[in-house]
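Undergrad: Right, I'll just put the structure down here and ask away after.
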Amino acid sequence: MKVRHVSNVVTKGAAVTAKWFVGVTPAGPGADLRTNVPHSARIWNYWLGGKDNFPADRAAGDQVRQIFPGIVHTARAQRDFLGRAIRHLAGEAGIRQFLDIGTGLPTADNTHEVAQRVAPESRIVYVDNDPIVLAHARALLSSNPTGATDYVDADVSDTRTIVDAAARTLDLTQPTALILLGILGHVSGDEEARSIVRRLLDAVTPGSYLVIADGASVSAAGSEAQQRYNERSPLPYHLRSPEQITGFFEGLELAEPGVVSCSRWRPDPGSPVNPDDAEVYCGVARQD
């Protein structure tokens, strides 16, 4: 598999320059992004309140919302969980390296922005294999000069490529946070998905963390909306039960409160005491 690799080179001054490495074909203005066809990354961006979407994406997003009105809450709850998890890892847990697989389109408070606000020296590698995400990759390559960001174009199942490319920026002999948000649902088989997680964990040192959030089959409306989406999508997404999502953390030390709806994972002060449960379940766990 040919890897398109983008890197943010750390410099000694305040200016940090994004450099396209050999083998990269930037997806620029001439790239065919098929804006007349709905795309999952852009639909998600629409639900998050972003601007990187088109009428076809908004129409598809609205169709899902008619069946499952809670989808916008679910999308935003997952994004908010990412911020809280990164702040915990970069702060209390002392993690300085983050491997974010299934990045999606850039939006507010990306992983490197949250991590580097807590610890400016943090190093982040983003992984995705979507040409639409690649077209926006430069937006993920801003970094505090004392840290670094990097982007790798690879499929989640190609763990060897991911690990080898990430090692250009990260020292995998040091604790690293593996982040898999909304990506394992694109892997249909449970055993295949568990194998991907195990291979990634095998590549990092003890003291590393696993962060997962994925759509859960906890309501009839959510399951129906997902089924209808899958009937029209070239890249279906498979909901799993909370118990199946918990299984990804087998053998790891789960941080409190365990595997729960994203709405209930360490909510910020001032959040609703009894929040509406988002139909995405999540967890953060340490590998000993």
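The values are calculated or read from the model by the stated rules, or taken from the named source; none is laboratory data. These numbers were taken from a predicted model, which means no experiment stands behind them. For neighbour counting, all protein chains shown are included, and Cβ atoms are generated from backbone atoms with ideal geometry for every residue, glycine included. When the accessible area is computed, the model is the full protein with side chains, heavy atoms only, and any ligands, DNA or RNA have been set aside. Shrake-Rupley method; radii C 1.70, N 1.55, O 1.52, S 1.80 Å.
Undergrad: Exactly one condition in (1) assigned to a strand (DSSP E or B); (2) exposed (fewer than 14 other Cβ atoms within 10 Å of the Cβ) is not met by Cys282; state its number.
TA: (2)
Undergrad: Okay, moving on. Among the residues of segment 134-175 satisfying the criterion of being over 17 Å from the mean Cα position of the chain (by Cα) and of a type in the set (Ser, Thr, Tyr), which is nearest to Ser195 (Cα to Cα)?
TA: Across segment 134-175, the extreme among qualifying residues is Thr161.
Undergrad: Residues being of a type in the set (Gly, Ala, Ser) and under 16 Å from Arg198 (Cβ atoms): count how many of those fall in segment 243-271.
TA: Counting residues in segment 243-271 that are of a type in the set (Gly, Ala, Ser) and under 16 Å from Arg198 (Cβ atoms) gives 2.
Undergrad: Here are the criteria: (1) open to solvent by less than 20 Å² (accessible area, probe 1.4 Å); (2) more than 17 Å from the chain's Cα centre (by Cα); (3) not hydroxyl-bearing (Ser, Thr, Tyr). Tell me which single one Leu254 does not satisfy.
TA: (1)
Undergrad: Let me ask you something else. Can you tell me how many residues within segment 84-113 are outside any loop (DSSP other than H, G, I, E, B), farther than 19 Å from Ala285 by Cα and either hydroxyl-bearing (Ser, Thr, Tyr) or open to solvent by less than 30 Å² (accessible area, probe 1.4 Å) (or both)?
TA: The qualifying residues number 1.
Undergrad: Go over the candidates Asp288, Asp214, Asp202 one by one and state the one that is open to solvent by 40 Å² or more (accessible area, probe 1.4 Å) and out of contact with any Asp or Glu (no Cβ under 9 Å at 6 or more places or on another chain).
TA: Sole residue among the options that is open to solvent by 40 Å² or more (accessible area, probe 1.4 Å) and out of contact with any Asp or Glu (no Cβ under 9 Å at 6 or more places or on another chain): Asp202.
Undergrad: I'd like the full set of residues that are among the hydrophobic types (A, V, I, L, M, F, W, C), more than 14 Å from the chain's Cα centre (by Cα) and crowded, with 20+ Cβ neighbours inside 10 Å, limited to segment 116-133.
TA: Once the filter is applied, which keeps residues that are among the hydrophobic types (A, V, I, L, M, F, W, C), more than 14 Å from the chain's Cα centre (by Cα) and crowded, with 20+ Cβ neighbours inside 10 Å, segment 116-133 yields only Ile132.
Undergrad: Can you tell me which residues in segment 134-150 are in contact with a strand residue (DSSP E or B) (Cβ under 9 Å, 6 or more places away or on another chain) and either on the phi > 0 side of the Ramachandran plot or crowded, with 18+ Cβ neighbours inside 10 Å (or both)?
TA: Leu134, Ala137, Leu140, Leu141, Ser143, Gly147, Ala148, Thr149, Asp150
Undergrad: Let me ask something else. Could you figure out which of (1) in contact with a helix residue (DSSP H, G or I) (Cβ under 8 Å, 6 or more places away or on another chain); (2) within 16 Å of Tyr281 (Cβ to Cβ); (3) not β-branched (Val, Ile, Thr) isn't true of Ala225?
TA: Tallying (1) in contact with a helix residue (DSSP H, G or I) (Cβ under 8 Å, 6 or more places away or on another chain); (2) within 16 Å of Tyr281 (Cβ to Cβ); (3) not β-branched (Val, Ile, Thr), Ala225 fails exactly one: (2).
Undergrad: While we're looking at this one, here's another question. Residues that are in contact (Cβ under 8 Å) with a residue 12 or more places away in the chain, surrounded by 18 or more Cβ atoms within 10 Å (Cβ to Cβ), farther than 23 Å from Ile179 by Cα and hydrophobic (A, V, I, L, M, F, W, C): does segment 226-245 have at least one?
TA: no
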